[in-house]
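Undergrad: The structure's right below; bear with me while I get my questions together.
Any read-out appearing in this document is the output of simple, stated calculations on the displayed coordinates, not a laboratory observation. Here the structure is a predicted model, which means the values were calculated and not measured. Neighbour counts are summed over all protein chains in view; Cβ atoms, including those assigned to glycine, are modelled from backbone coordinates with ideal geometry.
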Amino acid sequence: MLKLSKLIDYATIIIISLDQYKTVVSSSTLAARTHIPEPTVAKILKMLTRASLTKSSRGPGSGYYLLNELSEISLATVVRIIEGPIKLVDCKKDDCRIENEECILYGKWEILNYQIKNVFETLTLADLKKSSARFDLNKN
């Protein structure tokens with residue numbers, strides 16, 4: 001089964017929740033609001049901060065805040081921050097499992113990789129936040 005990881009799901013929920021606050025929010029407050037375990041929230045916030053999507057504030061009232069609008073954050077950005085490059089099949093001749101013959105699919109998986117990556121690049125977190133799950137796949 002092809003599916004996004006729990007961490008990607010959680011990161012998306014955390015980012016959208018941060019946007020709703022419009023101010024500095026602690027990881028424990030986000031954990032309580034989202035029902036995501038606090039250690040997981042803290043881990044994700046550190047990843048988002050390293051990627052310059054959020055910023056941390058220290059001292060009294062410390063916490064995190066979002067640096068971009070949801071409309072500026074693509075699902076692809078979240079996936080890359082949490083899991084790395086978007087690539088369904090990493091097809092390389094050197095690592096090919098097929099021996100003694102030419103693979104009939106070599107190089108052809110790139111079309112699928114491109115299409116999936118394009119959908120992820122096109123879909124923003126603002127799109128996901130909308131009450132309607134409909135969005136225009138042809139907007140780019």
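Undergrad: Taking the Cβ of each residue in 9, 127 as the centre, tally the other Cβ atoms inside 10 Å and list the residues starting with the fewest. Numbers along the way, then the final one.
TA: Working: 9 14, 127 18.
The fewest-first ordering by Cβ neighbours comes to 9, 127.
Undergrad: What's the tally of Lys pairs in region 6-129 whose alpha-carbon atoms lie under 18 angstrom apart, where the two lysines are 8 or more places apart or on different chains?
TA: 13
Undergrad: Within 10 Å of each residue's Cβ, count the other Cβ atoms and sort 2, 45 from fewest upward. Let's see the in-between values first.
TA: On the way: 2 5, 45 23.
Ascending Cβ contact count within 10 Å gives the list 2, 45.
Undergrad: If only Cα atoms are counted, what is the Rg of region 6-129, and what is its Dmax, in Å?
TA: Calculated on Cα positions, Rg and Dmax stand at 18.3, 65 Å.
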